[in-house]
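Q: Encoded as structure tokens, here's the structure I'll be asking about.
We did not get these values from a lab; they are worked out from the coordinates using the rules stated. Just so it is clear, the model here is predicted, and its values are computed rather than measured. As a convention, Cβ positions derive from the backbone with ideal geometry for all residues, glycine included, and neighbour counts pool all protein chains shown.
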Amino acid sequence: MAARPLSLQTRSLLAAGFALAAFLGLTGIALDAAIYETLSSALRDRLQSYVYAIIATSDVARSRHWLPPEVYPDPRFNQPGGTLFAGVVGPVDTNNGEAKSWRSTSALGAQLPFDAMVSPGEARFVGPVDGAGGKIYMLSQGVSWIVPHRDPVNLTIHVAEDARLLDAQRDVFRRTLWTYLGGLGVVLLALLLFTLRWSLRPLRRVADDLARVERGERERLAGAYPSELAGFASNLNDFIDSEREHLQRYRNTLSDLAHSLKTPLAVIRSELESGSEGEKLRWSVLEQAGRMDQIVAYQLSRAATSGHTTFAAPIRIGLHAEEVVASLEKVYASRNILCEFEIDEHARFYGEQGDLLEILGNLLENAFKWAQHRVLLSAHALPHVGLRRAGLMLIVEDDGPGIQAEKVEHLLQRGARGDERVQGHGIGLAIVQELLKAYRGTLEVSRSEALGGAAFTLRLGAG
Amino acid sequence: MRVLLVEDEAPLRETLAARLKRDGFAVDTAVDGEEGLYLGREVPFDVAIIDLGLPKMSGMELIAELRAAGQRCPILILTARGSWQDKVQGLKQGADDYLVKPFHVEELLARLNALVRRASGWTTPTLECGPIVLDTTAQIVTVNDQPADLTSYEYKVLEYLMLHAGELVSKADLTEHIYQQDFDRDSNVLEVFIGRLRRKLDPENTLKPIETVRGRGYRFAIPRNESSADAPPPAQG
């Protein structure tokens, strides 16, 4: 057995979940990148301001040596093993003499990449790079210090900060960001689940109702459904009704068959038991056999009637009528009957093809039997009401003797009973009536205005 | 008349064959579609009766195959279901008439006669050539309104000749269409029948209805009368 496909709810949740995860994830990544940019640019600005402060608080001696500042712009430069470092490369004047470089108190003994020279006027920001036993962000500024009446002194000032400070800020931000995004995702999914269950509830109700119908607790789908499901439910109801009618018809047919066969059987039995023999018995049995044959033929055709119209595809009348007439013209070739058509282009039969053939065949055959020279078949589409399908009117006329008005009712009743041997418009008419019952149509027998004989008018309702 | 009967149900096949023979038909029977097709290809039949529900090859297929093989004799189909879908389908395949089971044998015989008549261009159930009138329904022959007393075989020979009035009918044709397969074709029984027919129909030897075409066969020489205007409608029912 193939695996059961995922439920609609699971599908929607999965799809929405993936979309949400992708959306929130990308948002998070973008925000994270943005905040890193902000943080590192703020750090650079801060380091730059330290550089300016160091330049402002220092000086160059007449010996063209740089004099370190007496006070640092930030006390952290003064803490050995601290997190903020400064260094200068160039001719430096120290208290003890002259040197080629200088370092702040915090930078003494720390491993820092403070040896490079940068050309004057250039500021270079790098990080995170190795330094001070971990990672640092570093700004290197090249300076050309102007000394009056002498060549300028070229210096490079390095300021660095431990990367952990920025990382810590970033971590705090990240935690907050992802907490909020996660929370948002959960809330959205819950909301989605709720709306999904709410909008799928009518479908569940249809399924439940259908299960109830199946269990026999209900006759049909009751209750009001949303407009999207109303059509479906009403079609389903029609289907259920037609199935039920079908079943009912089978039951009736079976019981009618059994009951109506009992009479001829009883006649035969009584003939046998009463000791009749010879020609009399033979005729009696023959007669009853004929009667049983009629009964079986009638009930058989009744049971085979489909009558399903709900999902039936429309069938054009013309082609099938031509087939039937071609057949009849062959069978009744010696009668030289002319059959004319008057078929509306839009006329459609909604039902089984076999049923249409049965209706046309039986009515036209009767017409061929009774007609002198002419038979007329007309089919018209009846105007449809609203969204329902157009109805159909079929008229079969002949130029035969016709049927007297007072005999019409008798004829139709006889057809409806169908269990006795009838002459002329016999079992065929009974079959047509049975079919019309299944398709909820009507049959009217009158005199043909065009041809003068009998006219059979069928109306199959819209919808 | 030579008839092909294809029916798989033994009791029906046998009673029908017996009844048809009694009525003067030469009958060939087949129990399934394949046998029916074989016979239908080999033998020139006047009419065929084919059941739709056959083993090996369905009646519908058999009809289509027979028509494709050039068999032009009229075909009557027997069907148990009797739905119009079947009837229309069968007639479209090439059948000419249908009968729904169970049926009255008389009905079948009447239909067969009508089919044979129609196939040879007669529209009425009575064949009229000059003063000779053959009523196919009552199987009575009259000459100048006087009934002629014919035996069953004489009647069959005359019916075949009159159906093909004006056409040359070879001895072989006549033998094949009138007698069973096992009939001794070399005997001169046919000539005896023709001789007797001539005497009974034309004792004065003035009409000369049956012409002998030396070495080739016979011809019914009196032309067909203009067929009476309109055939009466068949019995309703």
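Q: Want the number for residue A:285 to residue A:413: 0.36 nm per residue separation, take away the alpha-carbon distance, what's left?
A: Gain in length upon complete extension: 43.4 nm.
Q: Going by the alpha-carbon gyration tensor, a ≥ b ≥ c the square roots of its eigenvalues, is chain B rounded (a/c under 1.5) or, if a/c is not under 1.5, prolate (a/b greater than b/c) versus oblate?
A: Cα axes put chain B in the prolate bin.
Q: In region A:74-172, what trypsin sites (Lys or Arg not before Pro) fall in a loop by DSSP, with at most 13 other Cβ atoms inside 10 Å?
A: Passing sites in region A:74-172 are A:150.
Q: Please state the relative contact order of region A:54-133 as a whole percent: Cα pairs under 8 Å, 6+ residues apart?
A: 23
Q: Which of rounded, prolate, oblate describes region A:1-104, given a ≥ b ≥ c as roots of the alpha-carbon gyration tensor eigenvalues and a/c under 1.5 marking rounded, otherwise prolate only if a/b is larger than b/c?
A: Because a/c hits 1.5 or more and a/b exceeds b/c, region A:1-104 counts as prolate.
Q: Report the normalised scattering of region A:165-275 as log10 I(q)/I(0) at q = 0.12, 0.15, 0.22 Å⁻¹, calculated by the Debye formula with identical scatterers on the alpha carbons.
A: -0.72, -0.84, -1.13
Q: If you take every DSSP beta bridge fully contained in the protein assembly as shown, what fraction is antiparallel? Give it as a percent rounded to 5.
A: Among the beta bridges of the protein assembly as shown, antiparallel pairing accounts for roughly 75 percent.
Q: May I ask for the longest run of chain B untouched by chymotrypsin sites (Phe, Trp or Tyr not before Pro) that are loop-located per DSSP and have at most 16 neighbouring C-beta atoms (other than their own) within 10 Å?
A: In chain B, the maximal stretch lacking such sites is B:1-102.
Q: Further question: With the Cα gyration tensor of chain A in hand, give its eigenvalues times 5 under a square root as the equivalent ellipsoid semi-axes, listed largest first in whole angstrom. Could you put the intermediate results ahead of the total?
A: Details: eigenvalues 2454, 135, 52 Å².
In descending order the semi-axes read 111, 26, 16 Å.
Q: Kindly put A:136, A:343 in sequence by how many other C-beta atoms sit within 10 Å of each C-beta, fewest to most. Could you put the intermediate results ahead of the total?
A: On the way: A:136 25, A:343 17.
If I rank by nearby Cβ atoms, fewest first, I get A:343, A:136.
Q: Relative to the present Cα-Cα distance, how much length would full extension add between residue A:208 and residue A:259 at 0.36 nm per residue of separation?
A: Full extension from residue A:208 to residue A:259 adds 14.4 nm.
Q: Given axes a ≥ b ≥ c from the Cα gyration tensor, I'd like to know whether region B:127-216 is rounded (a/c under 1.5), prolate (a/b larger than b/c) or oblate.
A: In terms of gyration-tensor shape, prolate.
Q: Say each of residue B:152 and residue B:221 gets a label point 7 Å from the Cα, pointing the same way as Cα to Cβ; how far apart are those two points in nm?
A: 3.2
Q: Right, another one. Once you treat every alpha carbon in region A:203-256 as an equal point and sum by Debye, what is log10 I(q)/I(0) at q = 0.13, 0.21, 0.22 Å⁻¹?
A: Rounded to two decimals, the profile gives -0.37, -0.76, -0.81.
Q: Right, another one. For chain B, give the share of DSSP beta bridges that are antiparallel, in percent and rounded to the nearest 5; count only bridges with both residues there.
A: Taking every DSSP beta bridge with both residues in chain B, the antiparallel ones total about 50 percent.
Q: Continuing with the same structure: Where Lys and Arg each count +1 and Asp and Glu each count -1, what net charge lies around residue A:405 among other residues with Cβ under 15 Å from its Cβ?
A: -2
Q: For residue A:58, which sequence-distant residues (separation of 5 or more, or a different chain) have an amide H within less than 5 Å of its own amide H, given hydrogens modelled in the peptide plane?
A: So residue A:58 has HN proximity to no qualifying residue.
Q: Measure nothing but the geometry: give the 0 to 90° angle between the long axis through the Cα atoms of B:59-68 and the longest principal axis through the Cα atoms of chain B, rounded to 10°.
A: Long axis of B:59-68 versus the principal axis of chain B: about 50 degrees.
Q: Could you check the spin-label model distance between residue B:104 and residue A:277? Points 7 Å from the Cα along Cα→Cβ, value in nm.
A: Distance between the two pseudo-spin positions: 2.8 nm.
Q: Take region B:66-119, drop everything but the C-alpha atoms, weight them equally and run the Debye formula without solvent; then report log10 I(q)/I(0) at 0.31 Å⁻¹ to two decimals.
A: The Cα Debye sum returns log10 ratios of -1.21.
Q: If one takes the longest principal axis of the Cα atoms in chain A, at what angle in degrees, from 0 to 90 and to the nearest 10, does the Cα axis of helix A:278-304 lie?
A: 20
Q: With a cut-off of 8 Å between alpha carbons and a minimum separation of six or more residues, what is the relative contact order of region B:12-119 in percent?
A: The value is 23 percent.
Q: Just in region A:250-305: which trypsin sites (Lys or Arg not before Pro) are loop by DSSP and have at most 12 other Cβ atoms within 10 Å?
A: Nothing satisfies the criteria.
Q: Subtracting the Cα-Cα distance from 0.36 nm times the residue separation, let me have the gained length for residue A:44 to residue A:252 in nm, one decimal. Please report the intermediate quantities before stating the final value.
A: Working: separation 208, 0.36 × 208 = 74.88 nm, distance 9.61 nm.
Additional length available on full extension: 65.3 nm.
Q: Less than 18 Å from a label point 7 Å out along the Cα-to-Cβ axis of residue B:119: which backbone N atoms in region A:334-360 qualify, by residue?
A: Correct set: A:334.
Q: Another question, if that's okay. Residues in region A:65-84, backbone N under 17 Å from the label point at residue A:172 (7 Å along the Cα-to-beta-carbon vector): list them, ranges by number please.
A: Label zone hits: none.
Q: Loop only by DSSP, 10 or fewer other Cβ within 10 Å of the Cβ. Give me the GluC sites (Glu not before Pro) in region A:180-249 that pass, ordered by residue number.
A: A:217
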